[in-house]
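Reading through the structure tokens given below for one structure.
Just so it is clear, none of the values below were taken in a lab; they were calculated from the coordinates. Given the structure is predicted, the values throughout are model-derived calculations rather than measurements. Positions of Cβ are generated from backbone atoms using ideal geometry, with glycine treated the same way; all protein chains shown enter the neighbour counts.
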């Protein structure tokens, strides 16, 4: 039964949708007097093409849209794009996109994401790192959201799609600069953002461009367990610098450096039983992520093609420092530090045809070499150690820079090497019909290695040190050299047919494939009582033998669509079916509760997406996006169902319905200045937070829950001149507090992530 609140929300979104549709319906009558819509150019196929000509579903947010909506972080992208959802376990520090229903919850640490994120030529995710980063969108030319598998051109990790953030490039034509400030208040707590950009010509053919941002945002969650209010404070510092140089008539060179540091004082989840925006977690979960990325892109004009080399180097250093002192009332001042340092090298070389011919093509080679070193230590306060005579055996002061530390989990090194060649060939069958075929052949090698060292469980440490008053502690030795190499060689294919039905309408049909890399199961190296690796430590007759490596899973997308653009309106429609085979899922063995990644069953996602945008006259600008999807398990064995906690027909972690849109009114006032009012809205249906049963037992999961359906409305009014813009805004104007994310498993009851409460603020921008 629907609650009154749910009914109210549904009525609101229906009303908003009807409003946008009504505006759309009025377009025909004003077509002759309306403002002509601009052509959108994208690089989704690694060449510049009109969006209308790309034979797949691509949503684009241009710079004007990004600024008008006030989008500064990833969540804003998901709010504006139908079929795309977003979740985070901690404020802005572990962003995860889900696309077209392809998600299975949060118990997937170590697995490659289903949606890849790129900043220009730089891949932004380092695979196994437990913490990724939401980076700012200042000085962004556009965002391209590529829906469906992108395995041929973008490789592993684009199982469901890719999000590409395209920056503004250095411009030698003249000096340019821009500054922006944002001051907002959330329940009396302050949000401050400062951003700046400068573009400096170095010569007629070279320029330097730099953008920087500083954010300091007070939180809205109170943690009564540690007496901190607010607790989920967030800060970010970022710098992006680039040099662009046209060396000669044929060669261009671009060098980019990106640095960002994000910090969160505490988790942002709450326990609704304690009251509004309240948690009682007796640990302070401080997280800091530092990232440095370097890219050099060289492009050489061969007359018939452009030869491009993109070289990337990345370092990510996420540090999770958890203060556990409050658990025992301060009697035992201890904490846990986890650091997953990663380094990644990526090289791509490709040739893209430029000659005017019936044929167009892309040929390329790809190399990735990535290493992630996982470290965990527990540590004690110096005061506690001094009270025990200044010495506790097994403690170290030189490991990870942490004083009074002992190893909690022996250091683990994960490495991945990926080599691939790829190609896409397009052929103009007739003046209006074009066929495209693509192929990628990959080889991925994964290794896992433990380093020798001491290891201890929490219990083995607490008992002698705390309760028995021991003045010495000896960690349990941990065996070194557990090593698991393995290779997979996935191939992906893409086929598409595009028909220019008229000057205004293009139709297309596409079948594309994507995949994710597999992973090492560390539990496979546990020796059971029958003397075999990966077997049960308890029941020698347990038939479940944990594989050393999970298998790579794959996705096929079958899609037909229409793209239409007229003077005052554009319409994009896509209908799709996605088939997900050999799904990599979190599993648990029944006999000894050993956890691992298993390949289980098949899932399908079927849906329809509609995007309408228009400018019927010089005053109104509107947009409407609707995505309806059904994603569920379609094939699974009884044994697999027990291991992963699913059954036939179980829904994936995705909403059935998403609606988003905007309506803006702009009026010219004196001296050519403009006054505008704008409403942005989004609706996301309720969705499960994971599978309904406990992995390994098949019993109903006590942590299974559904999120709320959420209606979010943002309002803004602004004044625009040729030099500056001032905007007054209300984010989440209806003060919606629905649960947009519920953690499937946690030691504490603080599991629910809500929207940021109503935030009132002002934005000011000044440009040259």
Translational diffusion coefficient of the stretch 625-741 at 37 °C, 0.692 mPa s, Stokes-Einstein with Kirkwood Rh over Cα pairs, in µm²/s as a whole number. 187 µm²/s
Calculate, for residue 703 and residue 638, the FRET efficiency according to 1/(1 + (r/R0)^6) with r their C-beta to C-beta distance and R0 22 Å; round to the nearest 0.05. 0.45
Cα-based Rg of the stretch 686-768 normalised by 2.2 N^0.38 Å, two decimals: 1.70
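Show me the three semi-axes of the equivalent ellipsoid for the stretch 557-665, from the C-alpha gyration tensor (sqrt of 5 times each eigenvalue), largest first, rounded to whole Å.
Output for the stretch 557-665: semi-axes of 42, 14, 9 Å.
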Contact order normalised by length for the stretch 617-679, with contacts defined as Cα pairs under 8 Å and 6 or more residues apart; what percent is it? 39 percent
Plugging the Cβ-Cβ distance of residue 491 and residue 417 into 1/(1 + (r/R0)^6) at R0 = 30 Å yields, to the nearest 0.05, a FRET efficiency of 0.95
Let's test this: bin the Cα-Cα distances of the stretch 483-625 at 5 Å from zero up to the farthest pair and state each bin's percent. 2, 9, 13, 12, 11, 10, 8, 8, 7, 6, 5, 4, 3, 2, 1, 0
Taking the Cα-to-Cβ direction at residue 433 and at residue 349 and moving 7 Å from each Cα, how far apart do the two end points lie in nm? 3.8 nm
Would you please give the FRET efficiency between residue 190 and residue 248, computed as 1/(1 + (r/R0)^6) with r the Cβ-Cβ distance and R0 = 45 Å, to the nearest 0.05? 0.30
Contact order relative to length of the stretch 670-721, as percent, for alpha carbon pairs under 8 angstrom and 6 or more apart: 53 percent
In nanometres, the difference between 0.36 nm per residue of separation and the alpha-carbon distance of residue 768 and residue 198 is 204.2 nm
Simple label model, 7 Å out from Cα along Cβ direction - residue 445 to residue 175, nm: 5.4 nm
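Figure the gain on full extension for residue 383 and residue 618 (residue separation times 0.36 nm, minus the Cα-Cα span) and round it to one decimal in nm.
Gain on stretching residue 383 to residue 618: 77.7 nm.
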I want to check the label-to-label distance for residue 359 and residue 581. Put each point 7 Å from Cα in the C-beta direction and report it in nm to one decimal. 3.0 nm
Distance from the Cα centre of the stretch 536-591 to that of the stretch 347-385, in angstrom? 22 Å
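For the stretch 626-686, just say rounded, prolate or oblate: build the C-alpha gyration tensor, square-root its eigenvalues into a ≥ b ≥ c, call rounded for a/c under 1.5, and beyond that prolate if a/b exceeds b/c, oblate if not.
The shape class here is prolate.
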